[in-house]
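These notes concern the structure reproduced below.
The values are calculated or read from the model by the stated rules, or taken from the named source; none is laboratory data. Every value quoted in this text rests on a predicted model; they were computed, and no experiment measured them. Virtual Cβ from ideal backbone geometry, glycine too; neighbours counted across all protein chains shown. For accessibility, only protein heavy atoms count, side chains too; no ligands or nucleic acids. Shrake-Rupley method; radii C 1.70, N 1.55, O 1.52, S 1.80 Å.
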Amino acid sequence: KIRTKLDEPAAKATGVQLWGSDRTFGKRIIDLQWASGSSSGEELHGTYDYKAMGKDVSHGCVRHYNEAIVQMFGAVSVGDYVAIVTSNDDPMLRA
């Protein structure tokens with residue numbers, strides 16, 4: 001479930017605070033929590049390191065191209081439920 005959404009200035013500030021770089025999280029962060037309300041510690045966020053896309057370089061987050069996370073950021077709201085699936089045909093989308 002979406003706990004909070006951080007725009008570009010907030011994503012940059014969070015990157016500096018946590019990792020010492022304003023380029024850590026790309027242009028947006030969508031912070032997730034479990035449906036119960038407890039913190040999942042995971043996020044959907046952008047990246048500036050496009051050459052590392054598809055590689056396991058995160059701490060459990062799901063990285064997106066900046067253009068994609070900006071589009072997603074505008075399409076979702078705090079409180080929306082999120083399903084992490086491998087494709088649009090994933091049977092869990094019908095569960």
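What the table below lists for this structure:
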{"quantity": "Test for residue 71: is it free of Cβ contacts under 8 Å to residues at least 12 places away in the same chain, under 19 Å from residue 84 (Cα atoms) and not small (Gly, Ala, Ser)", "calculated": "yes"}
{"quantity": "Selected residue (criterion: surrounded by the most Cβ atoms within 10 Å (Cβ to Cβ)) from residues of the stretch 1-57 that are assigned to a loop (DSSP other than H, G, I, E, B) and touching a strand residue (DSSP E or B) at 6+ places or on another chain (Cβ under 6 Å)", "calculated": "25"}
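A quick yes/no check of all residues on (1) under 16 Å from residue 31 (Cα atoms); (2) of a type in the set (D, E, K, R); (3) open to solvent by 60 Å² or more (accessible area, probe 1.4 Å); (4) in a loop (DSSP other than H, G, I, E, B):
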{"position": "60", "(1), (2), (3), (4)": "yes, no, no, yes"}
{"position": "67", "(1), (2), (3), (4)": "no, yes, yes, no"}
{"position": "83", "(1), (2), (3), (4)": "yes, no, yes, yes"}
{"position": "93", "(1), (2), (3), (4)": "no, no, yes, no"}
